[in-house]
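Worksheet for the structure shown next.
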Amino acid sequence: MAEEIIISPDIGFVRELKRAGGDTLKKCYQCATCSVVCPISPDDKPFPRKEMLMAQWGMKEELAADPDVWLCHNCNDCSKYCPRGARPGDVLSVMRQKFIERNAVPALMGRIVSRPLLALLIPVVLFLIILGSIGHLGIPSGDIVYSKLFPIHIIEDIFITLVALAGITYLVSLFRFWNTMAKNGSPTSGGFVPALIGTIIELISHKRFAKCETNGDRKNGHMLVFYAFIGLAITTIWITVYYYLPEPYRKLSPISLSDPMKWLANVSAIALIVGSLILVINRLKDKGVDTVSSSFDWTFLIMVVLLATTGILTEVIRLAGITGLAYPMYFIHLSFVFYIIVYFPYSKLAHMGYRTLAITYSKMSDRDIEL
Ligand code: SF4
Ligand code: SF4
């Protein structure tokens, strides 16, 4: 006798997906062309056809536990060949957005990030309050030294606290995600650590992106942004170490342009601008397939471009000695730094951890693909 499966459809979830950009999901008539053409779908339980069916039926809990939603790299080969114009690539992208929001801790942060102007207003107001409380609301006179506006110990206290909070909440979200996947049965093939190491090696080389056809040039932009963020993270740790070194090794801002830390910071900032512009152009150009980028994707890209641009302008304007512009630009740049760090677990950037865990899980479940 056939096994009885009880489904609890969540119609509200279907509406949410449609509103957020997955409005074509009902067009799918289950031909499975998408699963056949997807270059990174495994032979065992391939995607995205089954995800399209689950989305049509509002199977929110099943999709939340499905690693394949995160294995998708949004290359859109499936959308190109879908005979019904159901845009499965976009539908899966919207699902990822919804599950980042769902796993957000605290949930309020997920809602704040969905309102970019409010999200940006929060650091602006917070920094103005801090500057007001220490009597630094005006433009400092004399040589341009940014610590005259924001003393270094205040910057350190604010950002070390924020990084710690963002890191903890992100780990909690990822832990939730892993537990949700494991509800389908713990993977049995191989251990977590070897699978994770294999996943990280894969991510470093962006091998899965290389298999995409329709969106193949996205690999370069994604890789530049990926390495730029790693470079900027190293730079941030580096400058913090400089600050805490004992005399005479201690170095305070502004750090000389000839310092290797500065080289890494500047190269990373340029890589971030170039990489994010490649991604923007890639989304705008006609690839012969009807796809839609959600506001979630656009907001992240725009914020990254603004983060890198204001970072470079902060340095250039300081070197040019334009005092009246330098401090406001620094203030704006810090607001974008806050945005990217604090909202990291709730933004598009959060996909890094989810995808890493999903690939690790699929390796441990013997569903890996040949790259
Ligand atoms: S999304 Fe398109 S290609 Fe995939 S099963 Fe549905 S109709 Fe077929
Ligand atoms: S967008 Fe690309 S990776 Fe994702 S399901 Fe479609 S073909 Fe596969």
With θ set to phi - 60°, apply the Karplus curve 6.51 cos²θ - 1.76 cosθ + 1.60 along the range 10-20 and write out the HN-Hα couplings as whole Hz, x wherever there is a Gly or Pro. 10, 5, x, 5, 4, 5, 4, 4, 5, 5, 7
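As a quick test, which of the pairs Lys18/Lys50; Lys26/Lys98; Lys27/Lys183; Lys98/Lys219 have an alpha carbon distance above 20 angstrom in this structure? Walk me through the intermediate numbers first.
Details: Lys18/Lys50 17 Å; Lys26/Lys98 18 Å; Lys27/Lys183 30 Å; Lys98/Lys219 24 Å.
Exceeds cut-off: Lys27/Lys183; Lys98/Lys219.
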Could you list log10 I(q)/I(0) for the range 215-371 at q = 0.17 Å⁻¹, which the Debye formula gives when each Cα is one point scatterer? -1.12
Report the residues of the range 70-96 in range of a label on Thr33: point 7 Å along Cα→C-beta, backbone N strictly under 11 Å from it. 78-87
Suppose each label sits 7 Å from its Cα in the direction of the beta carbon; what would the Ile130-Asp286 distance come out to in nanometres? 4.8 nm
Per residue, the convex hull enclosing the Cα atoms of the chain spans a volume in Å³ of 153 Å³
Run the numbers on the range 105-364 and let me know its relative contact order in percent, using alpha-carbon pairs under 8 Å that are six or more apart. 33 percent
Gaussian network model of the chain, Cα within-10 Å springs - most flexible of Pro46, Pro83, Pro248: Pro248
Hey, any idea what Rg/Rh is for the range 141-180, computing Rh the Kirkwood way over Cα pairs? 1.37
Just to confirm my numbers, what's the Cα centroid distance between the range 137-206 and the range 22-60 in Å? 32 Å
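Given C-alpha coordinates of the range 52-210, what is the ratio Rg to Rh with the Kirkwood estimate of Rh? Show your work: numbers first, answer last.
On the way: Rg = 21.9 Å, Rh = 19.9 Å.
Reported Rg/Rh (Cα atoms, Kirkwood Rh): 1.10.
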Ile139-Asn184 pseudo-label distance in nm [points 7 Å out on the Cα-to-Cβ vector]: 5.7 nm
Simple spin-label estimate for Ile270 and His206 in nanometres, 7 Å along Cα-Cβ: 1.8 nm
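Using R₀ = 22 Å, calculate the FRET efficiency as 1/(1 + (r/R₀)^6) where r is the Cβ-Cβ separation of Ile302 and Ile122; round to 0.05. If you can, show how the numbers build up before the last one.
Numbers: r = 17 Å, r/R0 = 0.78.
The computed FRET efficiency comes out at 0.80.
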Hull volume in cubic angstrom per residue (convex hull over the Cα atoms of the range 11-102): 82 Å³
Just to check, using Stokes-Einstein with a Kirkwood Rh over alpha carbon pairs, what's the diffusion coefficient of the range 115-208 at 25 °C and 0.890 mPa s in µm²/s? 137 µm²/s
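Just to make sure I understand: if all protein chains stay in place, what is the order of Ile312, Ile322 by accessible area at 1.4 Å, largest first?
Working: Ile312 50, Ile322 80 Å².
Correct descending sequence by accessible area is Ile322, Ile312.
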Rounded to whole Hz and in sequence order, give me ³J(HN,Hα) for the range 31-41 from the Karplus expression 6.51 cos²θ - 1.76 cosθ + 1.60, θ = phi - 60°, writing x for Gly and Pro. 6, 6, 4, 4, 5, 6, 7, 4, x, 10, 7
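The values are calculated or read from the model by the stated rules, or taken from the named source; none is laboratory data. Since the model is a prediction, treat every value here as computed from it, not as a measurement. Quick reminder, even Gly has a Cβ in these numbers, built from the backbone with ideal geometry, and neighbours come from all protein chains shown. Keep in mind that these areas ignore ligands, DNA and RNA; they rest on the heavy atoms of the full protein, side chains included. Shrake-Rupley method; radii C 1.70, N 1.55, O 1.52, S 1.80 Å.
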